[in-house]
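FYI, it's all coordinate maths here, none of it is from the lab. Quick caveat, the model's predicted, so the values are computed rather than measured. Heads up, the Cβs are rebuilt from the backbone with ideal geometry, glycines too, and the neighbour counts pull from every protein chain shown.
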Amino acid sequence: MKLIVNIDDFGLTESVNKSVVECFRFGIAQSTTMMMNQPATEHAIELIKQGLVPNVGLHITLTSGRPILEPGVVPDLVDDNGFFLKQDKALSLASLDYDQAYNEFKAQYNKAVQAGIKLTHIDSHHFAAVFPAYKEVFIAFANDVGLPVRRVDHVLPGCSGLAVATTEAFSANFYGDGVTLDTLKSTILEYSQKFPDGTLELMSHTSLEGDTLLPELSSYTDKRVDEFNLLTSQKLKDWLVVNNVECTSFKSV
């Protein structure tokens, strides 16, 4: 089985960015997706230009920070202060304006492309692009762009209409209480039995010790260091080799 460990939230803080570089050097995680509207987005772009992060996708962001477009152009996506709706509010939306969502997706994509990033794939922060009100728009956008995407059936079942490549499986188990070596091994073994010739994507979120900016931006903090330590563990790397698990990126999808 092939395994893609994708580190979400590239661009969130400089410590997050540095952790991505170190994970890539170690070799288990070979994929990341970046946010285009966060405090360390420009720092992330510089690391890409230096050749330190070769496999980068777009982490479409709809629940953190401000949109790339002017808030007045995308009123369905923002609160009264011009910030994206919080996760619970975005998840509860019954509908929204199709063009507003599509245009913001495209604005984030264009910003990445104009920065010179050769995107490998697309996913979304908090899975927001596949929340009920957004999913149809995201599928249409993904098909138009033509890049591989993270599976769109994690929040709502079904991949109907999706015409681009994706992995055979996706798991969010490597998060919170699931950030243990035993859970990671059992998850990988479970999917390798189901898809011995397929590809599993695992999402991850890493940072380094002492990331003082992170608590202002995310409720998920200390576990990011635990994830980093596991993804730079020689014990895990050796176990993957013994179990014939090939670490790869979305370039192989």
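Reducing region 31-106 and region 220-252 to their Cα centroids gives an inter-centroid distance of 27 Å.
Hey, can you rank 133-143, 7-17, 147-157, 206-216 by average C-beta count inside 10 Å, highest first? List each step's numbers first, then the result.
On the way: 133-143: 20.7, 7-17: 26.7, 147-157: 18.2, 206-216: 16.1.
For the peptides 133-143, 7-17, 147-157, 206-216, the packing ranking is 7-17, 133-143, 147-157, 206-216.
Its Cα gyration tensor gives region 54-127 an equivalent ellipsoid, and the semi-axes of that ellipsoid, as √(5λ) in whole Å with the largest first, are 22, 13, 10.
In region 1-139, what percentage of the DSSP-assigned beta bridges are antiparallel, given to the nearest 5? Approximately 10 percent, going by the DSSP bridge assignments.
With only Cα atoms counted, region 2-252 has Rg and Dmax values of 17.3, 54 Å. Binning all Cα-Cα separations of region 139-252 at 5 Å, short to long from zero, yields these whole-percent fractions: 2, 10, 17, 19, 18, 15, 13, 6, 1.
Rounded to whole Å and ordered largest first, report the semi-axes of the equivalent ellipsoid of region 61-204 derived from its Cα gyration tensor (root of 5λ). Mind showing how you got there, number by number?
Numbers: eigenvalues 165, 61, 42 Å².
One finds semi-axes of 29, 18, 15 Å for region 61-204.
The ratio of the alpha-carbon radius of gyration of region 1-122 to the globular-protein estimate 2.2 N^0.38 Å is 1.11.
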